[in-house]
1. Looking only at the stretch 87-102, decide whether some residue is charged (D, E, K, R), free of Cβ contacts under 8 Å to residues at least 60 places away in the same chain and closer than 27 Å to residue 11 by Cα.
2. Just give me the residues in the stretch 37-57 being more than 17 Å from the chain's Cα centre (by Cα), part of a helix (DSSP H, G or I) and either over 15 Å from residue 6 (Cβ atoms) or hydrophobic (A, V, I, L, M, F, W, C) (or both), in sequence order.
3. Residue check: is residue 128 touching a residue at least 12 places away in the same chain (Cβ under 8 Å) and surrounded by fewer than 16 Cβ atoms within 10 Å (Cβ to Cβ)?
4. Condition (residue is in a helix (DSSP H, G or I) and of a type in the set (Gly, Ala, Ser)) applied to the stretch 18-36: is it met by at least one residue?
Amino acid sequence: MSVKRKTKAVSIIISIFESISDAISVVDLVDQLKTQMNKTTVYRILERLENEGTIHAFTGSNGLRWYAKCHECTAHYHNDIHPHFECKDCGKVECLEINITIPNVNDRNIMSANVLLSGQCVECTINAA
């Protein structure tokens, strides 16, 4: 993950994304960091990391903004065009490692797409049985 100026706050947030494999909501991230930095700093760093291609963002079913680390993205091109899955039981949100094809639309330049699938994750399916 490359950042031009790596402050202590930036390093803390980057380490969180390097230690998790699932997505994290902005609310959970702000809550987790409330003793180390204010909400405005968290939002500013998230925007910077997204613009640099370090993380990508998407909107969950409840309208919350979620973030996950990127793979091979740059400031000019986000390679992480994939669907996300949200478990309706436990609330876990994750990136799905499947390819999707964004259709071409006449007279439109599609720059991003958000696909959110929801249902039950494996753990909740097993626990429900």
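1. As a first pass, look at the stretch 87-102 and keep what is charged (D, E, K, R): 88-89, 92, 94, 97.
Filter once more, so that each one left must be free of Cβ contacts under 8 Å to residues at least 60 places away in the same chain: 88-89, 97.
In the following step, the residues that additionally are closer than 27 Å to residue 11 by Cα were identified as 97.
Within the stretch 87-102 (the criterion being charged (D, E, K, R), free of Cβ contacts under 8 Å to residues at least 60 places away in the same chain and closer than 27 Å to residue 11 by Cα), the answer is yes, since at least one residue qualifies.
2. Across the stretch 37-57, the qualifying residues are 39, 40.
3. Details: touching a residue at least 12 places away in the same chain (Cβ under 8 Å): yes; surrounded by fewer than 16 Cβ atoms within 10 Å (Cβ to Cβ): yes.
Considered against the rule, which asks whether it is touching a residue at least 12 places away in the same chain (Cβ under 8 Å) and surrounded by fewer than 16 Cβ atoms within 10 Å (Cβ to Cβ), residue 128 comes out as yes.
4. yes
A short reminder: the numbers here are calculations on the coordinates, not readings from a lab. Keep in mind that this is a model prediction, so the values were computed, not measured. Cβ sites come from the backbone with ideal geometry, for glycine too, and all protein chains shown count toward neighbours.
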